[in-house]
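Peer 1: There's a structure below that I have some questions on.
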DNA sequence: GTAATGTCTCTAGTGACTAGAGGTTCAAGA
DNA sequence: TCTTGAACCTCTAGTCACTAGAGACATTAC
């Protein structure tokens, strides 16, 4: 059994974040010492690692809730889990696509001004003011 | 002179968002009718278009504040503007990089399970539980 | 025994909006 | 001129996933 600080060190999840996950129902309510401090065991460590890994991959708290629910019932169909992962993948792909468009446009705009003139002549500011100076939709 | 609803239609920025921008100081306080309703002119339309364009490109409210400040002083050096644009570009590139890593990992994980088994055997859930099943850092 | 560190709960703040309540003003038609 | 209905006003609270801070209590090391 170890403290919340120790759990934090091992998982690299900050202490207030651990308490937050407990409040959100991602972590079960922890056991307590006589002085009311939380104590964790290996199961707690594994669950928090799971959460942290899923968060790192961009899953929402809600999605992680569903994934944990499934993990706790190994006999259920895992269709929901693969659905969640697939839609997360699609979201990531959509974000990449959008960011790539932004990147091209920002890169073009940035190159238009070396920052050595005055703002009245600045191509960056002019581009933002007038959408027609843009190459593509964004 | 036209109403906030008309401005909203022309810029495709929602009415409450326009009021929010005013509160944040991005838009100057609008003129009012005797009945206290906001009225805008061409200058207001142009400024809001500028803001919307910058937001679409991912600039923060704070960054836009600085850009507007420069726009209002055409005689100042535009170095700050190019700096802001460049760092926005770098941020976008960093995000893309991270998302690409996530995409690869999520794609690999998703392919590991067709969703037809039970969750006890699900590769998606197993991968999340055990970081060692991952190909790379993320 | 004492001091330092860790932990507790609670409230409020972040960014960029969005939603809703409850009330007022405007523009158009009768 | 009157009425109706849409648009507008302010204010508060909610979103997401935390983060910061206050003030009090617990634990650990010496």
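Peer 1: Tell me, please, whether a residue that is within 29 Å of the chain's Cα centre (by Cα) and assigned to a strand (DSSP E or B) can be found in the stretch B:90-102.
Peer 2: no
Peer 1: Now for a different question. Give just the number: which of (1) part of a helix (DSSP H, G or I); (2) facing chain A (nearest Cβ under 7 Å) does residue B:75 not satisfy?
Peer 2: Condition not satisfied by residue B:75: (1).
Peer 1: Can you find a residue in the stretch A:88-96 that is surrounded by 15 or more Cβ atoms within 10 Å (Cβ to Cβ) and within 18 Å of residue A:47 (Cβ to Cβ)?
Peer 2: No, the stretch A:88-96 contains no residue that is surrounded by 15 or more Cβ atoms within 10 Å (Cβ to Cβ) and within 18 Å of residue A:47 (Cβ to Cβ).
Peer 1: Please work out which residue is farthest from DNA strand D (Cβ to nearest atom), limiting yourself to the stretch B:31-58 and to residues that are surrounded by 17 or more Cβ atoms within 10 Å (Cβ to Cβ) and over 30 Å from residue A:99 (Cβ atoms).
Peer 2: Among those residues, the one meeting the criterion is B:44.
Peer 1: Go through the residues of the stretch B:69-80 one by one and say whether even a single one is exposed (fewer than 14 other Cβ atoms within 10 Å of the Cβ) and touching a residue at least 12 places away in the same chain (Cβ under 8 Å).
Peer 2: no
Peer 1: Give me the helices (runs of 4 or more DSSP H) completely within the stretch B:1-68, filtered to those with at least 2 residues that are within 11 Å of DNA strand C (Cβ to nearest atom) and within 14 Å of chain A (Cβ to nearest Cβ), ordered by residue number.
Peer 2: Of the helices (runs of 4 or more DSSP H) lying wholly inside the stretch B:1-68, those with at least 2 residues that are within 11 Å of DNA strand C (Cβ to nearest atom) and within 14 Å of chain A (Cβ to nearest Cβ) span B:42-56.
Peer 1: For the stretch B:11-30, give me each residue that is farther than 17 Å from residue B:72 by Cβ, touching a residue at least 24 places away in the same chain (Cβ under 8 Å) and loosely packed, with under 13 Cβ neighbours inside 10 Å.
Peer 2: Hit for the stretch B:11-30 is B:12, nothing else.
Peer 1: Let me spell it out: the conditions are (1) modelled with pLDDT of 95 or more; (2) more than 30 Å from residue B:91 (Cβ to Cβ), and residue A:42 meets all of them except one. Which number is the exception?
Peer 2: (1)
Peer 1: If you scan the stretch A:114-132, which residues turn out to be under 18 Å from residue B:72 (Cβ atoms) and either in a helix (DSSP H, G or I) or touching a residue at least 12 places away in the same chain (Cβ under 8 Å) (or both)?
Peer 2: Answer for the stretch A:114-132, where residues must be under 18 Å from residue B:72 (Cβ atoms) and either in a helix (DSSP H, G or I) or touching a residue at least 12 places away in the same chain (Cβ under 8 Å) (or both): A:119, A:120, A:121, A:123, A:124, A:125, A:126, A:127, A:128, A:129.
The values are calculated or read from the model by the stated rules, or taken from the named source; none is laboratory data. Quick caveat: nothing in here was measured; it's all calculated off a predicted structure. Virtual Cβ from ideal backbone geometry, glycine too; neighbours counted across all protein chains shown.
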